[in-house]
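Q: The following block contains the structure, expressed as structure tokens.
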Amino acid sequence: MIDKELDLNLVRLFVAMVESRNLSAAAERCGMTRSNMSHRLKRLELAMGSQLLRRTTRHVELTQAGQLLYQHGVRLLDEMRTAQASIHSLDGTVRGDVRIRLPTGLGHLYLAPVLLDFTRRYPDISLRVHINDAIGDLVSAEVDMALKITSAPPEDHVARRICDVQWCLCATPAFLRDQGQVTTLEQLGRCSLIAPQSLGRRFDLRCKREDGDPLLLRVAPRLQSGDYPFLRDAVLAGLGVALLPRYAVWSQLRDGELVEVLPELEPEGVGNAIYLLTAPNRFPSMATRTLVEHLREHIEQHRSDWQRASAA
């Protein structure tokens with residue numbers, strides 16, 4: 001006889017099946033065989049009295065009943081995790097696990113030491129940190145939160161704007177002495193350009209004057225990469241004029257290691273703001289909210305350093 005009382009472990013396995021998109025991946029994720037996973041799915045379907053998934057050779061599809069169970073199951077598991085974390089935090093200590101994804105530039109050039117400081121301050125919170133620019137779907141990627149630099153945050157996630165991101169053109173004083181001062185876009189077009197790879201091998205560099213008039217320059221950068229520390233090293237080595245976010249070079253500009261090129265122009269880069277992304281059907285745990293607040297505080301402390309002098 002089938003026990004019709006809902007088994008929370010079966011719900012947890014069902015959520016893993018949905019988020020893994022096929023039974024084999026779900027079985028690997030949960031540390032069991034595919035046949036065992038399939039057997040437990042059948043038990044859950046019998047307990048619920050309805051088919052939950054349609055299985056194909058490559059993936060699984062939710063039925064209407066499965067969609068309802070998944071939505072409620074995610075909330076139920078989140079509530080259980082929140083309750084557990086709250087109970088553990090009765091002594092005033094925040095505990096839990098947080099999975100975070102960061103963009104490469106912001107992650108390596110600024111946030112890595114911020115996260116290390118967080119681990120020292122909150123020793124009972126475990127972090128799993130991914131530093132890459134491929135945000136994707138946070139649920140299937142098993143990520144609780146992500147930071148993304150973009151001008152158009154994804155509509156299928158909850159996006160909260162953290163702060164603006166401004167870009168600049170910069171070079172070493174030695175490069176400009178050898179190359180000659182750059183006072184026009186035409187002169188910039190004759191320089192070796194260093195730029196993020198995501199902009200494409202040839203692209204229109206869009207710049208805005210302080211009076212708002214836009215200017216365009218078709219460019220083909222000499223050196224490109226998705227690794228922002230590498231791009232910063234390249235411009236510091238005197239290899240050209242770099243298009244970089246101000247958060248990556250603000251201290252070098254302050255100390256005179258780099259100088260702005262065409263400072264009267266505000267160039268566009270890869271995104272104009274930092275957004276915090278969370279899954280739409282996930283309630284953030286206390287540990288996640290604590291990390292979010294920690295990151296926001298640190299970014300707020302430096303946001304004025306990342307702005308143009310006239311906008312600070």
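The values are calculated or read from the model by the stated rules, or taken from the named source; none is laboratory data. Because the structure is predicted, anything quoted here is derived from the model rather than measured. Don't worry about glycine lacking a Cβ; one is built from the backbone with ideal geometry, like all the others, and counts go over all protein chains shown. Calculation scope for accessible area: heavy atoms of the full protein, side chains included, ligands and nucleic acids excluded. Shrake-Rupley method; radii C 1.70, N 1.55, O 1.52, S 1.80 Å.
Q: Within the group Asp133, Asp137, which residue is part of a loop (DSSP other than H, G, I, E, B), at pLDDT below 90, among the charged types (D, E, K, R) and surrounded by fewer than 17 Cβ atoms within 10 Å (Cβ to Cβ)?
A: Exactly one of Asp133, Asp137 is part of a loop (DSSP other than H, G, I, E, B), at pLDDT below 90, among the charged types (D, E, K, R) and surrounded by fewer than 17 Cβ atoms within 10 Å (Cβ to Cβ), namely Asp137.
Q: Is it the case, given these coordinates, that Asp117 is modelled with pLDDT under 85 and within 30 Å of Ile274 (Cβ to Cβ)?
A: For Asp117, the condition - modelled with pLDDT under 85 and within 30 Å of Ile274 (Cβ to Cβ) - is not met.
Q: Filter the range 14-39 for residues that are in contact (Cβ under 8 Å) with a residue 12 or more places away in the chain and touching an Asp or Glu at 6+ places or on another chain (Cβ under 9 Å) and give the result.
A: Once the filter is applied, which keeps residues that are in contact (Cβ under 8 Å) with a residue 12 or more places away in the chain and touching an Asp or Glu at 6+ places or on another chain (Cβ under 9 Å), the range 14-39 yields Glu19, Ser20, Ala26, Arg29.
Q: Tell me, please, whether a residue that is touching a Lys or Arg at 6+ places or on another chain (Cβ under 8 Å) and more than 21 Å from Leu188 (Cβ to Cβ) can be found in the range 256-266.
A: no
To keep it simple, each residue is scored yes or no on (1) at pLDDT below 95; (2) under 26 Å from the mean Cα position of the chain (by Cα).
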| site | (1), (2) |
| --- | --- |
| Leu199 | yes, yes |
| Lys208 | yes, no |
| Asp211 | yes, no |
| Gly240 | no, no |
| Val249 | no, yes |
| Gln252 | no, yes |
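Q: Moving on. Within the range 195-218, which residues are outside any strand (DSSP E or B), open to solvent by less than 100 Å² (accessible area, probe 1.4 Å) and of a type outside the set (Ser, Thr, Tyr)?
A: Leu199, Gly200, Gly212, Asp213 - these are the residues of the range 195-218 that are outside any strand (DSSP E or B), open to solvent by less than 100 Å² (accessible area, probe 1.4 Å) and of a type outside the set (Ser, Thr, Tyr).
Q: Another question about this same structure. Output the residue which, of all residues in the range 253-271 that are touching a residue at least 40 places away in the same chain (Cβ under 8 Å) and in a helix (DSSP H, G or I), is nearest to Leu216 (Cα to Cα).
A: Looking at residues that are touching a residue at least 40 places away in the same chain (Cβ under 8 Å) and in a helix (DSSP H, G or I), I get Leu253.
Q: Any residue in the range 223-235 that is open to solvent by 60 Å² or more (accessible area, probe 1.4 Å), in contact (Cβ under 8 Å) with a residue 12 or more places away in the chain and either among the acidic types (Asp, Glu) or closer than 21 Å to Thr183 by Cα (or both)?
A: Looking for residues that are open to solvent by 60 Å² or more (accessible area, probe 1.4 Å), in contact (Cβ under 8 Å) with a residue 12 or more places away in the chain and either among the acidic types (Asp, Glu) or closer than 21 Å to Thr183 by Cα (or both), one finds at least one in the range 223-235, hence yes.
Q: What is the one condition in (1) loosely packed, with under 15 Cβ neighbours inside 10 Å; (2) at pLDDT 95 or above that Gly180 does not satisfy?
A: Exception for Gly180: condition (2).
Q: Surrounded by fewer than 21 Cβ atoms within 10 Å (Cβ to Cβ), over 30 Å from Ser126 (Cα atoms) and in contact with a helix residue (DSSP H, G or I) (Cβ under 7 Å, 6 or more places away or on another chain): is that true of Val259 in this structure?
A: yes
Q: Identify, by number, the condition in (1) more than 26 Å from the chain's Cα centre (by Cα); (2) at pLDDT 95 or above; (3) in a loop (DSSP other than H, G, I, E, B) that Pro221 doesn't meet.
A: (1)
Q: Also, I was wondering about something else. Look through the range 272-289, keep the residues that are buried (at least 20 other Cβ atoms within 10 Å of the Cβ) and part of a helix (DSSP H, G or I), and return whichever of them is farthest from the chain's Cα centre (by Cα).
A: Ala287
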